[in-house]
């Protein structure tokens with residue numbers, strides 16, 4: 001349930017970031033995070049597949 | 001789709017077997033770069049669609065073979081200049097790729113009266129020089145990890161991938177399209193923003209290989225020093241840098257779509273679709289990153 005709600009909040013945030021052309025508001029999300037939370041955030045992002053950022057038709 | 005891949009693979013491999021029977025398999029492997037099909041095999045279709053033309057099948061196939069060869073040549077040359085060649089002996093194959101590319105392009109140029117071959121050759125040579133200049137520029141960047149200039153970065157990235165401009169020049173000459181500026185701009189912008197996306201996805205590998213991309217150099221120049229891998233992780237994932245960079249790629253790609261639409265109604269639908277899919281995938285990834293931040297903020 002919490003996951004679903006976080007997903008929908010995250011989707012709204014992405015839409016707003018794109019509409020405002022401004023991603024600075026993201027910093028607020030981790031401003032109060034302690035070291036342990038920060039480590040967990042990094043560890044979880046590291047597990048994500050970043051390949052969608054690369055394009056198969058790339059010329060270089 | 002699978003059938004298309006198989007067909008694409010077969011005719012490229014056949015061309016290599018006919019020209020270089022002993023080296024065909026290894027050359028083909030270098031062309032595919034570990035992917036399902038040879039790099040660049042779709043590009044002639046993308047360019048045709050962008051300028052709104054349809055070449056005859058025989059010319060199209062020759063151009064596809066020639067273009068896959070020139071793409072393989074560009075990749076190999078980049079790796080040689082970069083010092084990241086998997087096997088030093090692979091540099092032997094630069095000549096194989098370049099000669100077969102020229103042979104295939106010549107077969108089209110000399111049989112089609114529409115082409116002013118002197119003019120095409122001069123453009124080709126100019127683009128080859130531009131590519132060399134772009135590789136030199138990238139080398140200069142690598143040895144100065146604290147310098148960052150977006151303008152120079154743009155020149156370096158688009159120059160290193162200007163094989164698509166060679167392709168455009170060739171297909172445009174066959175289709176009587178004299179004004180190519182708008183299509184060139186689309187191809188250059190597309191190459192640039194795709195590279196920015198690659199740099200964000202591959203920052204760790206680039207860092208470990210001391211291949212300092214524009215993304216890494218921008219961070220180093222901000223701190224006036226080379227950061228450690230852990231510092232980079234914190235900088236990229238715990239600030240807004242990841243999202244800002246992804247946003248830059250999305251905005252750049254959205255703008256490229258607008259430029260495609262300005263070329264003409266019905267032009268570039270294939271590339272537009274590829275870019276739209278790409279934007280959606282980046283949005284999903286951005287959502288996942290933000291979701292992680294929200295999750296740990298709530299626990």
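Observations
- Taking the three principal axes of the alpha carbon atoms in the protein assembly as shown, the coordinate ranges are 69, 46, 38 Å, sorted in descending order.
- The range B:179-299: relative contact order as a whole-number percent, Cα under 8 Å and 6+ apart: 29 percent
- Extension gain for residue A:5 to residue A:25 (0.36 nm times residue separation, less C-alpha to C-alpha distance): 5.3 nm.
- Between the helical axis of B:2-19 and the longest alpha-carbon principal axis of chain B there is an angle of about 60 degrees.
- Exposure proxy ranking, count of Cβ atoms within 10 Å, fewest first, for B:157, A:41: A:41, B:157
- Per-residue average of Cβ from other chains inside 10 Å of B:71-78: 1
- Packing-based exposure ordering (other Cβ within 10 Å, fewest first) of B:31, B:102: B:102, B:31
- Test item: A:11-22 mean partner chain Cβ contacts at 10 Å: 5
- On the principal axes of its alpha carbon atoms, the range A:2-42 extends 32, 24, 15 Å, with the longest extent given first.
- Whole-number D in µm² s⁻¹ for chain B, Kirkwood Cα-pair radius fed into Stokes-Einstein, 25 °C, 0.890 mPa s: 118 µm²/s
- Length gained when the stretch residue B:45-residue B:234 is fully extended (0.36 nm per residue, less Cα-Cα span): 63.8 nm
- Working from Cα pairs under 8 Å separated by at least six residues, relative contact order for chain B is 18 percent.
- Average partner coverage of A:31-40, which counts Cβ from other chains inside 10 Å: 3
Bear in mind these aren't lab numbers, they're just calculated from the coordinates by the rules spelled out. For clarity, every value in this text was computed on a predicted model and none was experimentally measured. Neighbour counts run over all protein chains shown; Cβ positions are idealised from the backbone, glycine included.
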